[in-house]
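Structure record follows, encoded as C-alpha cells.
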Amino acid sequence: MGVTILTQFPTENRTGPQTIDVLSKRISALGATQQGQFLVDCETYTSAPQLGHQRIVHVLHNSEQPATVFSILESGTKTIPLATDGLFDLLMMKMSSFYTSKKQTKAESKGPRFEIGDFCVKLGTVTISSNFKGILVEVEYRPCVVPAMCWDLMKEFLQGFLGLSGPTNPPAYLQNRMQEIYSPLDTVHQYLEHFTVFRKLPGIGMRP
Amino acid sequence: MSTHSAPGTAMDSLSAALKCNIIPNQEYLLQGSVLDQYVEVLLHRLRGLCDNVDSGPESFHDHELCFTLRAANTGTPMVLPLRVRRALDVSDAPFQLRYVGQQELGDKSRPTVVRSSIDMACSSTIIDFLTELGCRLDFEYIARGYMFRKGRMKITVSKIFKMGGSKPGEGVEAISQSYLVELSVLAPSGQDAIGEDMRIFAEQLRPLVQLEKIDYKRLGNMAM
C-alpha cells in the first residue's frame, strides 16, 4: 500500500476502448506488464424524509481491497468515512427503509491493471448506470506512504506516459493531506470526487 | 500480454454468498447468570470443559453502545437496532458493528433462542458515522469477563457495569451482584442441529448456572 494519484485522461476524438488501447500501448512500451483487471464501484444512498434533514451515504468497493467496504457519509455539515467488512452491504439492505439508492447513480471504473517496477497503473473506463463517461488513470507508488515525499516523482511518471494531460498539481482532495500517512480510504475519496463530477456531466453520447 | 477475467462486483459475490447460504447471519443463544461468589467455580468448570485448556480463558474488557435508527411520523414504526463494541484493553483492535434482529423463541422443541445477526469489524469512526446517520444512543455499558470456546460454541462470563466518569472504564459501578453467562453460536441459517449441541453443553453447567431461552418481553412485564 503506497500513495495513489487519480487523474482524468481526456478522450478527445477517441472512443473509450481506443483511449484505453492507446494508454495500454504506451505503458507497455515503458516495460509494464498487465496483472489482471481492477474494479472500483460506488452506490449512493439518500436518507428517507422521515429521518429528518437529508444525508447521503456513498458505499464504495475497490478490488484492491476485496474484503473491505468503504462508506462516506455526508450529513451536510460533516463528512465521515468508514471502513468495514464485506457484510456492510448486507446491513445496507436492512436499512433499505431508511436509506435508498437511486439506480441511475451507480458508478464504476474498471479496466486493465499494470505493474511496472514500484508503480501500479490502472486504466479505468468510467460508466454511470452503464453509460460511458470518461477515462480515469490511477497510479500508485508503492514504496512510499507520505504524498509530499513522492509527489514530484509521481508527477514525472504520470507526465511520462500521459504527456501534457498529466496532472500538474496534486488532486484537490490530497492538497491539504500531503504530509499525512496515506490510506486506502484516501484512494476511495479521490474516486468519489471524480464520480461526483462525472455524475453531473450530461451524457456525452459516446458508447464505451 | 496475458488477459484475465474481470473481477465481479462486490454485490455479485454477496448475492452468490447469500444464495449458497454461507454467511453466518443467525445467532443461536442461551443466557443465564451466576452469583459473584460462585463465579470462580463456574470458571473452573468451564476451563475443564472448553477447548482453550492450555492457554486459559481469554479475558475481555469491552465498551458496548446500543443505538437505534428510527423513523418518526410513520404509521408502522421502523426501528433498526445497531450495536458498537470496542475493546478497552486492546487499543488497536478494530471496533465491532452488529445488527441484532428480533429474537425468535420458537416452541418447546427448539432448544435455543434464534435471532438474525450481522456482525462486522469496522474503523473507529463508526460512532460518529452512526450518530450522523441519524441513530440515537439508547444505552451503553461496560462488560468485563472471560471468553471460552468449545468447537463452534462461544461462552462468555461477563460482569456488566454502568457507565460513569467522563472516560469509559472510569468510576464504573456493577449493575448487580452476579455475572451474565452467555452461550452462543453464529452460523448460517438452517443449521438448527447446533441448538442441540448447545442444549447438551448447557446441561453440563447445571445446577451452577441455568442457561435458558430468555424472553425479554416477559422480563419487561415483570419490571412493570
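Could you say whether any residue in region A:142-160 is under 18 Å from A:Phe38 (Cβ atoms), outside any helix (DSSP H, G or I) and open to solvent by 40 Å² or more (accessible area, probe 1.4 Å)?
Within region A:142-160, one or more residues are under 18 Å from A:Phe38 (Cβ atoms), outside any helix (DSSP H, G or I) and open to solvent by 40 Å² or more (accessible area, probe 1.4 Å).
Could you check A:Leu123 against (1) crowded, with 22+ Cβ neighbours inside 10 Å; (2) in a helix (DSSP H, G or I); (3) aliphatic (A, V, I, L, M) and say which number it fails?
For A:Leu123, the failing item is (2).
Identify the residue in region A:100-148 that is of a type in the set (Ser, Thr, Tyr) and in contact with a Leu (Cβ under 8 Å, 6 or more places away or on another chain) and, among all such residues, is farthest from A:Ser71 (Cα to Cα).
That would be A:Tyr141.
Can you work out which of the residues in region A:38-68 that are in contact with an Asp or Glu (Cβ under 6 Å, 6 or more places away or on another chain) and under 13 Å from A:Asp89 (Cα atoms) is farthest from the other protein chains (Cβ to nearest Cβ)?
Filtering first and then ranking leaves A:Val59.
From A:Val139, A:Val145, A:Val121, which residue is more than 17 Å from the chain's Cα centre (by Cα), among the β-branched types (Val, Ile, Thr) and at pLDDT 95 or above?
A:Val145
Among the residues of region A:150-160, which ones are touching a residue at least 60 places away in the same chain (Cβ under 8 Å) and over 19 Å from the mean Cα position of the chain (by Cα)?
Hits for region A:150-160 are A:Cys150, A:Gly160.
Is it true that A:Met149 is farther than 18 Å from A:Tyr191 by Cα and within 14 Å of chain B (Cβ to nearest Cβ)?
no
Quick test for you: out of B:Thr112, B:Thr156, pick the one residue that is within 27 Å of B:Ile22 (Cβ to Cβ), out of contact with any His (no Cβ under 8 Å at 6 or more places or on another chain), among the polar types (S, T, N, Q) and at pLDDT below 95.
The unique qualifying residue is B:Thr112.
Mind checking whether some residue in region A:169-190 is open to solvent by less than 50 Å² (accessible area, probe 1.4 Å), of a type in the set (Gly, Ala, Ser), free of Cβ contacts under 8 Å to residues at least 60 places away in the same chain and out of contact with any Lys or Arg (no Cβ under 7 Å at 6 or more places or on another chain)?
no
Condition first: hydroxyl-bearing (Ser, Thr, Tyr) and either within 18 Å of the chain's Cα centre (by Cα) or away from chain A (no Cβ under 14 Å) (or both). Can you find one or more residues in region B:69-90 that meet it?
No: zero hits.
Does A:Pro112 qualify as being touching a residue at least 60 places away in the same chain (Cβ under 8 Å) and within 13 Å of another protein chain (Cβ to nearest Cβ)?
yes
Have a look at B:Asp89, B:Asp54, B:Asp62 and point out the one that is modelled with pLDDT of 90 or more, loosely packed, with under 14 Cβ neighbours inside 10 Å and of a type in the set (D, E, K, R).
Only one candidate qualifies: B:Asp89.
State yes or no: is B:Gln31 surrounded by 14 or more Cβ atoms within 10 Å (Cβ to Cβ) and either modelled with pLDDT under 90 or closer than 16 Å to B:Leu180 by Cβ (or both)?
When the stated conditions are applied, B:Gln31 passes them.
State all residues of region A:1-24 that are farther than 16 Å from A:Phe198 by Cα and either touching a Leu at 6+ places or on another chain (Cβ under 8 Å) or open to solvent by less than 20 Å² (accessible area, probe 1.4 Å) (or both); if no residue qualifies, say none.
Across region A:1-24, the qualifying residues are A:Gly2, A:Val3, A:Thr4, A:Ile5, A:Thr19, A:Ile20, A:Leu23, A:Ser24.
Taking B:Leu97, is it modelled with pLDDT of 95 or more, at the interface with another protein chain (Cβ under 9 Å from one of its Cβ atoms) and not in a loop (DSSP other than H, G, I, E, B)?
Answer is yes for this residue.
Kindly indicate the residue of region A:79-97 that is among the polar types (S, T, N, Q) and more than 7 Å from chain B (Cβ to nearest Cβ) and also farthest from A:Pro49 (Cα to Cα) among those meeting that condition.
A:Thr79
The values are calculated or read from the model by the stated rules, or taken from the named source; none is laboratory data. Not measured: the values here are computed from a predicted model. Methodologically, a virtual Cβ is constructed for each residue, glycine included, from the backbone with ideal geometry; neighbour enumeration extends over all protein chains shown. When the accessible area is computed, the model is the full protein with side chains, heavy atoms only, and any ligands, DNA or RNA have been set aside. Shrake-Rupley method; radii C 1.70, N 1.55, O 1.52, S 1.80 Å.
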